[in-house]
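To keep things clear, I will list the structure first and then write my remarks on it.
Read-outs throughout are calculated quantities, based only on the coordinates presented, and are distinct from any laboratory measurement. Fair warning: this is a prediction, and the values are worked out from it, not measured in the lab. Every residue, glycine as well, gets a Cβ built from its backbone with ideal geometry; the counts of neighbours run over all protein chains shown.
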Number of protein chains: 2
Amino acid sequence: MKGMMMHRPLKIADLITFAADTYPAGEIVSVRTEGDIHRTTYKETAGRIARLAHGLKALGITESDRVATLAWNGYRHFELYYAISGIGAICHTINPRLSAEQMIYIVNHAQDRVLFVDLTFVPIVEKLRPHFPADLRIVIMTDRAHMPETTLEGVLCYEEILDGQPGEMDWPDFDEDQAAGLCYTSGTTGNPKGTLYSHRSTVLHAYDMCVTIPRVLNEGSRILPVVPLFHVNAWGLPYGAPLSGSSLIFPGGALDGKSLFDLMDREKVFSAWGVPTVWIGLMNEIRQRGRIPEGFGDIVVGGSAASRSLIEAFEKQGINVCHAWGMTEMSPLGTQCNLPPEMADLPFDQRIDRKQSQGRRIFGVDMKIVDDAGNRLPHNGTTPGHLYVRGNTITSGYYEDPEASKPVFDKEGWFCTGDIAAISPEGFLTITDRSKDLIKSGGEWISSLDLENIVMSHPGVANCAVIAVPDAKWDERPLLIVQPSDEAQPQKEEILCHLAERVAKWQVPDDVVFVDALPMTATGKVSKLTLRKQFPEAPHDA
Amino acid sequence: MKGMMMHRPLKIADLITFAADTYPAGEIVSVRTEGDIHRTTYKETAGRIARLAHGLKALGITESDRVATLAWNGYRHFELYYAISGIGAICHTINPRLSAEQMIYIVNHAQDRVLFVDLTFVPIVEKLRPHFPADLRIVIMTDRAHMPETTLEGVLCYEEILDGQPGEMDWPDFDEDQAAGLCYTSGTTGNPKGTLYSHRSTVLHAYDMCVTIPRVLNEGSRILPVVPLFHVNAWGLPYGAPLSGSSLIFPGGALDGKSLFDLMDREKVFSAWGVPTVWIGLMNEIRQRGRIPEGFGDIVVGGSAASRSLIEAFEKQGINVCHAWGMTEMSPLGTQCNLPPEMADLPFDQRIDRKQSQGRRIFGVDMKIVDDAGNRLPHNGTTPGHLYVRGNTITSGYYEDPEASKPVFDKEGWFCTGDIAAISPEGFLTITDRSKDLIKSGGEWISSLDLENIVMSHPGVANCAVIAVPDAKWDERPLLIVQPSDEAQPQKEEILCHLAERVAKWQVPDDVVFVDALPMTATGKVSKLTLRKQFPEAPHDA
Ligand SMILES: Nc1ncnc2c1ncn2[C@@H]1O[C@H](COP(=O)(O)OP(=O)(O)OP(=O)(O)O)[C@@H](O)[C@H]1O
Ligand SMILES: Nc1ncnc2c1ncn2[C@@H]1O[C@H](COP(=O)(O)OP(=O)(O)OP(=O)(O)O)[C@@H](O)[C@H]1O
Ligand SMILES: [Mg+2]
Ligand SMILES: [Mg+2]
């Protein structure tokens, strides 16, 4: 028997309508590419989104068309998220840090009809234009006064698209499974692969993040997404913030420690979200100034593992660190590591032990860990296995890529994350490695994350990575690559000794290589792929 | 184009599984009908729910069967909620305060197959048994040691149903629209009418309440539902609490001010939810003891309008009052009146002005107000109209009652609440009356709620109601019925004068009637239906 309740599609547009009705004064503050700071509210923004949506229709955009963006975090990018999905089209965010080759691949693969570009990225588009579809329209995200000179033909101006359009929109209803967003992975292996989000998955993800992180997502809270709108929906913040009535502070393109500190200080940001690299920069700035930004109380850190020393540094300043884990294919949140109240009174070190884990699953995400044969492993906190996930916010296959999709689902339909993890009886997930980064030495696994964590706690180390190199005797051995802190000149022996005191002898890398800077992926993570290419074998002087 | 995301049914069982995984230590504390206090956790409870579900199946319960409950707020009732819905059956909660006639009507109308009864209510069931379906099984919610002597034949014992059953359950998947719960309105007009909740509506309602009231619904928060599990799902708390990781303190049958104070004090309840009558009782106790219960910081009050003086009394003690509005037909929450941060600094009186309104809509509930002809009215805060609602958590028709269903939906499919309300530009809803309680005097509407509010602020008044009585000249005139506070002997003139100073002269009732106690409905509201029967016209000495 069916229940007798109304059936309304879960719709992204309802999030912004709700915010405009309920949190009309909720703020969106943006550092603009034009150079100044822009302030607006959810109420005003809903009006501009309506105008943009009418403008998109006037451009001929219809249901399921892909509309691409190449832009920083700012209010116009936010408006595009809602206007594009609101009319049933698909918001395809492009990561400007991708290689030219990858960008060409995805714009053509997605068959984008319009591309919205921030001023900063006009030169990239000028260069790649010949390789994009001939009928692609290009819109520059600024007003008439700031339109640049460009070799691009027939470019449009963002503000002119809004001009004269009505500030109200009767958002159309469609099936809640309608596609709403498209994001390609950074393509560290093979071609980039697209995740095609739906209205249902996006609204449910917004709910999921709000109910599990109410500490941050609540009315009046001020949140800084350093994590970009151009990659996995800025971890869902553009949806979760309006739903919860939080204000958004968009940093534009200035993501160094100093710029972030100044912005946070001025805007009294409570919670800032981003990858570890960003927080390393901010912590340097905090140390230099001898204080934290005003109002600052929380970071959410993910994308790759935050080192213990990074977590400690923030917690010592009284800033709550919430480690989070997720993937493009998961909308992206999977777990969050705020501690339960019963752990609040643990000694500092034990709390950090916990905070180093990736935390507990958010509602809606089911997790299992299995052995190589696919058998379920116990959640005892110590047995790592292949991590699989299932839920409404998780991909069911890559966009127009059946070949890439096949290998990532098991017989029960669960998605293979490619991560190796253990789960504790209290539900805490600990990622020990990516399966492609695993090191197998003499038949035993070595966790690169564990080693990296320890090395990061050495004061002379700014950043580091451990990769596998082939070894005749042991099959594989770990190689440690270190980027020293400014002015520090740590010695190999010193670092290896630091390790040897803390792990089993056979896990200690045989050698350390020093580099000026570690290579980064397009999403701001250390690129182990590049490192493996750079160091296909142990260096000669080992 | 459809998104490419997994599709999992929204399922009630997932809420308790999530709580067991993620908030294993979250507490359920119950004052038992057996007389003692019972403590358990979400983890343990999930195990018992699994055993109960297996037990229900062993009793022959299958998908869509109605399984009824007649019970106080306690852990066994909570277990029934999940076990019944979890296996696809329908949890039909019965209000023990209904009249015998109404109870007989609904048990037969619902065709319940099993009835779970608390010890307290065994006598009621003994009396009504002959009028219930012959094949109805009856289970007494206690263990073998506490089984009462009873004239009921073949009764079962709750704990014995769990005995020997496995503590794990692979909860079946079904369509998320599957019916999950059934609750009849109190039937103040005509026969009771059933709202048939679905898994989808219930899970979405849990999300909606958690994202809009994160102040209360968050991990470790301690919540006391005085609002009963036997009526509109205790306002959604049995679902919202596990989703958010809040603990539940169930008061059993002792709902007087003293019992509640003691329980809250001992259990450090942060937030308590219930109808105004309950809070009048608790406030008396607080005044007598000269202090508030330890840890107490919040009440959610709804079901009928909380008077200004009640809201003030709690706020003056530093307790946040959240006025909420909803209906059985809405799962039930529609609005909540926590204030936005920008109103935190308003002077006390202005904050109370706001808090007297029913507040802002929760996500998922759309509202419109219309005139008699169905035309939309502006949200200007002053123009009242008929309030209609729409959303996934709202009924689409009464269970097996097409006749009652027809008149309550408009052409666009919106549900008619029967309430008259205005909506402010900031989204605050103010209920001015039920349409059936409206008073039309000389062609002008008089809001009974407005008058009641003012009368309630008179120190000699414990409770009051204003109803319409026929009048030859003015068509209708307001009649004021007052229940004086203990020991107070207020005079008519005094009270009318109090009113005359605050409202237009023509709105002042012509007379006051004093009563020892106001009649109450089964859900703890003043019964204006009964009053209208008692006072079909103005009293003679007027
Ligand atoms: N908190 C975290 N701790 C450890 N690893 C993390 C954490 N958060 C994310 N990751 C890693 O990042 C991965 C998901 O990242 P994302 O989807 O942004 O792209 P990517 O996997 O780095 O790129 P690509 O899929 O193109 O190789 C996870 O599978 C996991 O390996
Ligand atoms: N905060 C509130 N302020 C004013 N009225 C309220 C409030 N909350 C609920 N109500 C009233 O209660 C009604 C819903 O109550 P409920 O569904 O519990 O049953 P009922 O309407 O009292 O009973 P029945 O439908 O059988 O007549 C609303 O329509 C509204 O009139
Ligand atoms: Mg990946
Ligand atoms: Mg009603």
Just add up the charged neighbours of B:ASP265: K/R +1, D/E -1, any other residue whose Cβ is under 13 Å from the Cβ of B:ASP265. +2
Which GluC sites (Glu not before Pro) in segment B:157-261 sit in a loop by DSSP (not H, G, I, E or B) and have at most 15 other Cβ atoms within 10 Å of their own Cβ? B:GLU168
Considering only DSSP beta bridges where both residues belong to the protein assembly as shown, give the percentage that are antiparallel (nearest 5). 55 percent
Average Cα contact separation per residue, chain B, under 8 Å, 6 or more apart, as relative contact order %: 11 percent
To make sure I understand, if each residue's beta carbon is the centre and we count other beta carbons within 10 Å, what order do A:SER186, B:SER331 fall in, fewest to most? A:SER186, B:SER331
Any residue on another chain or 5+ positions along whose placed amide H is under 5 Å from the amide H of A:ALA462 is listed here as A:GLN483, A:SER485
Efficiency by 1/(1 + (r/R0)^6): what FRET value for B:GLU294 and B:ASP371, r their Cβ-Cβ distance, R0 = 51 Å, to the nearest 0.05? 0.55
About its Cα centre, what dipole magnitude does segment B:441-534 give when the only charges are +1 on Lys and Arg Cβ and -1 on Asp and Glu Cβ, stated in debye to the nearest 20? 300 debye
Say R0 is 60 Å: what FRET efficiency, to the nearest 0.05, do B:ASP410 and A:GLU412 get from their beta-carbon distance? 0.85
To one decimal in nm, how far is B:GLU294 from the same spot in the other copies, if labels go 7 Å from Cα toward Cβ? Please give the shortest first. 3.9
Hey, what do the phi angles of segment A:381-388 turn into as Karplus ³J(HN,Hα) couplings, whole Hz, using 6.51/-1.76/1.60 and θ = phi - 60°, x for Gly and Pro? x, 10, 8, x, x, 6, 8, 10
Could you state the angle between the C-alpha long axis of helix A:75-86 and the longest principal axis of the C-alpha atoms of chain A, as a value from 0 to 90 degrees rounded to the nearest 10? 70 degrees
FRET efficiency, 1/(1 + (r/R0)^6) with R0 30 Å, evaluated for A:GLU493 and A:THR383 via beta carbons: 0.30
Structure shown: which of B:LYS127/B:LYS193; B:LYS411/B:LYS473; A:LYS43/B:LYS355; B:LYS268/B:LYS355 lie over 27 Å apart, alpha-carbon to alpha-carbon? B:LYS411/B:LYS473
About its Cα centre, what dipole magnitude does chain A give when the only charges are +1 on Lys and Arg Cβ and -1 on Asp and Glu Cβ, stated in debye to the nearest 20? 460 debye
Rounded to the nearest 500, what is chain B's calculated 222 nm mean residue ellipticity when only DSSP H runs of at least 4 contribute -39500 (n - 2.57) each, over all residues? -8500 deg cm²/dmol
Want the number for A:LYS436 to A:GLN111: 0.36 nm per residue separation, take away the alpha-carbon distance, what's left? 113.9 nm
Quick one: Kirkwood hydrodynamic radius for segment A:17-135, alpha-carbon pairs, angstrom, one decimal? 15.2 Å
Interchain or long-range residues, amide H under 5 Å from A:SER64's placed H: A:ALA89, A:ILE90
Please give the helix B:276-289 orientation as an angle from the longest Cα principal axis of chain B, in degrees from 0 to 90, rounded to the nearest 10. 80 degrees
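B:GLN336: net charge of surrounding residues, Cβ under 13 Å, Lys/Arg +1, Asp/Glu -1, itself excluded?
Working: positive: B:ARG215, B:ARG354, B:LYS355, B:ARG360, B:ARG361; negative: A:GLU219, B:ASP208, B:ASP298.
That works out to +2.
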Where in segment A:90-120 is the amide nitrogen less than 17 Å from a point lying 7 Å along the Cα-to-Cβ axis of A:GLU34? A:117-120
State, to one decimal in nm, how far the label point of B:LEU346 lies from the label point of A:THR120, with both points 7 Å from Cα in the Cβ direction. 4.0 nm
Would you tally the net charge around A:ALA100, using a Cβ to Cβ cut-off of less than 13 Å, leaving A:ALA100 out, and scoring K and R as +1, D and E as -1? +1
³J(HN,Hα) across segment B:523-534 via Karplus (A = 6.51, B = -1.76, C = 1.60, θ = phi - 60°), whole Hz, x for Gly/Pro? 9, x, 10, 4, 8, 6, 4, 4, 4, 5, 5, 5
If we count other beta carbons within 10 Å of each Cβ, what is the order of B:MET520, A:MET330, fewest first? B:MET520, A:MET330
Take the Cα radius of gyration of chain B and divide it by 2.2 N^0.38 Å, with N its residue count; two decimals is plenty. 0.97
Looking at the square roots a ≥ b ≥ c of the eigenvalues of the Cα gyration tensor of segment A:360-435, which shape do they give, rounded for a/c under 1.5, prolate if a/b is larger than b/c, or oblate? prolate
Give, as ranges by residue number, the residues of segment A:118-144 whose backbone N falls under 15 Å from the point 7 Å along Cα→Cβ of A:ALA100. A:122-132
Could you tell me which GluC sites (Glu not before Pro) in segment A:490-542 are loop residues by DSSP with no more than 12 other beta carbons within 10 angstrom of their beta carbon? A:GLU501, A:GLU537
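Need one word for the protein assembly as shown: rounded, prolate or oblate. Basis is the Cα gyration tensor (sqrt eigenvalues a ≥ b ≥ c); a/c below 1.5 gives rounded, then a/b vs b/c decides.
Working: a/c = 1.99, a/b = 1.55, b/c = 1.28.
Prolate.
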Which distance in nm do the two modelled labels at A:ALA500 and B:ALA25 give, with both placed 7 Å along the Cα-to-Cβ direction? 4.0 nm
Spelling it out for B:MET520: with amide H atoms placed in the peptide plane at 1.01 Å from N, the residues 5 or more places away or on another chain with amide H under 5 Å from its amide H are B:SER527
Could you tell me whether segment B:441-534 comes out rounded, prolate or oblate from its Cα gyration tensor? Rule is a ≥ b ≥ c as square roots of the eigenvalues, rounded for a/c under 1.5, then prolate if a/b exceeds b/c, otherwise oblate. oblate
Sorted by Cβ neighbour density within 10 Å, fewest at the top, the residues A:PHE18, B:PHE514, A:PHE314: B:PHE514, A:PHE314, A:PHE18
Using a 7 Å offset from the Cα along the Cα-to-Cβ direction at both A:SER64 and A:ASP163, what is the distance between the two label points in nm, to one decimal? 3.4 nm
Could you give me the ³J(HN,Hα) list for segment B:356-367, computed from phi with Karplus coefficients 6.51, -1.76, 1.60 and θ = phi - 60°, whole Hz, x at Gly and Pro? 6, 6, 7, x, 9, 4, 7, 4, x, 10, 8, 10
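Among bridges DSSP assigns within segment B:441-534, what percent are antiparallel (round to 5)? Let's see the in-between values first.
Details: 13 of 17 bridges.
Here the antiparallel bridges make up roughly 75 percent for segment B:441-534.
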On a 0 to 90° scale, report how tilted helix A:42-58 is relative to the longest principal axis of chain A, with both axes built from alpha carbons and the result rounded to the nearest 10. 70 degrees
